[in-house]
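First comes the structure, then the notes that go with it.
The values are calculated or read from the model by the stated rules, or taken from the named source; none is laboratory data. Note that this is a predicted model, so its numbers are computed, not measured. Quick reminder, even Gly has a Cβ in these numbers, built from the backbone with ideal geometry, and neighbours come from all protein chains shown. Just so you know, the surface numbers come from the protein's heavy atoms only, side chains and all, with ligands and any DNA or RNA stripped out. Shrake-Rupley method; radii C 1.70, N 1.55, O 1.52, S 1.80 Å.
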Amino acid sequence: MRKGDLYIFTGPSGAGKGTVLRELLAQDPGLFLSVSATTRAPREGERDGVHYYFISRPEFERKIAENAFLEYAQYVDNYYGTLEAPVDERLAAGVDVILEIEVQGAMQVHEKRPDAVLVFLAPPSVEELAVRLRGRGTETEEKVRKRLETARGELAYQDRFDHTVVNDTVENAVARLREIIAARRAGHL
Ligand code: 5GP
C-alpha cells in the first residue's frame, strides 16, 4: 500500500486558508487536516482538539524538549506546532495529510521531509488582506497590524514553495488545489 502524501499549506493570516481548506476537505474526504497545538487563547467558537489543542506555554515547552513536534514556530506572540506522531500514523495508513502552518514551520518540514508538497496561498493583494483581516473582526487593531507586518515578511517566501495559489475566489483556489493533489496522486499510479 502506498504511503500518504504530506501537503504543507501556508499563507498569510487573512489570505483565506481556513475557508479554502474547509471547502477542499468537504470535496475530498480522503484528506486529513492535522490539528496543531498552540499556546494562543481559543477564539469564539473554537474547540479544543478540533481547531487546535490549546495548551499552556510550559506544556508546549515540555513537548519541544520531548521532540514531539515535527515542526514548531513562534508566530506573533504565541507558539504553534505540529505533533509528529498523529501525522505519521495517517501517512503510514495511506492517508494524505495537510498541515496548515506558517512559513518558518513550512521551511522546517521542507528540510525534514523533502517529499512534502509546499503550497502557498496568496491573497490577491496586501490591501485586500488588510480588508479581510479587519472585516473578520477577531483581532484588535494592534494585532491586525502585527499580522499584516508578518504577512509582508511571509509573502517574500513565496518562491520557496512548489506552488502558489492565488485566492481570488474560493472556487478557483479549491479547483487549483485539487489539480495539484490529483497530479500528485496520478504520479503514484
Ligand atoms: P491563527 O492564530 O490565525 O489560528 O494562526 C496563526 C498562524 O499560525 C497561521 O499562519 C497558521 O497557519 C499558523 N499555524 C497554525 N498551526 C501551526 C503549526 O502547527 N505550526 C506552525 N508553524 N504554524 C501554525
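Observations, loosely collected:
- When the charge dipole of the stretch 51-134 is built from unit charges on Cβ atoms (+1 for Lys and Arg, -1 for Asp and Glu) and taken about the Cα centre, the candidate among TYR75, PRO114, ALA65 whose Cα reaches farthest toward its positive end is TYR75.
- Hull volume in cubic angstrom per residue (convex hull over the Cα atoms of the stretch 25-125): 137 Å³
- Of the DSSP H helices in the chain, those whose Cα atoms cover at least 24 Å axially and whose Kyte score averages -0.5 or more: 170-187
- Under the Debye formula (equal points on every Cα, no solvent term), log10 I(q)/I(0) of the chain at q = 0.09, 0.12, 0.13 Å⁻¹: -0.31, -0.57, -0.68
- Size of the stretch 97-189 as Cα extents on the principal axes (Å, biggest first): 49, 30, 21
- Charge context of GLU179, other residues only, Cβ under 15 angstrom, K/R +1, D/E -1: -2
- Taking Lys and Arg as +1 and Asp and Glu as -1, the other residues whose beta-carbon sits under 13 Å from that of GLU154 total +2.
- Simple point charges give the picture: +1 on the Cβ of Lys and Arg, -1 on the Cβ of Asp and Glu, and for the chain a dipole about the Cα centre of about 100 debye.
- Taking VAL109, VAL35 and ordering them by how much accessible surface each has at a 1.4 Å probe, largest first, produces VAL35, VAL109.
- For the pair LEU33 and VAL50, the difference between a 0.36 nm per residue extended length and the Cα-Cα distance amounts to 5.1 nm.
- When you restrict to C-alpha pairs under 8 Å that are six or more residues apart and normalise by the size of the chain, the relative contact order lands at 33 percent.
- Antiparallel %, DSSP beta bridges [both residues in the chain], to 5: 30 percent
- For the stretch 40-109, size of Cβ-based charge dipole, Lys and Arg +1, Asp and Glu -1, in debye: 140 debye
- Ranking ALA186, ASN167, GLN104 by Cα position along the charge dipole of the stretch 98-189, where only Lys, Arg, Asp and Glu carry charges on their C-beta atoms, puts ALA186 farthest toward the positive end.
- Lys pairs, the chain - Cα-Cα below 21 angstrom, 8 or more residues apart or on other chains: 4
- Label-point separation in nm, ASP77 to LYS3, each point 7 Å along Cα→Cβ: 4.0 nm
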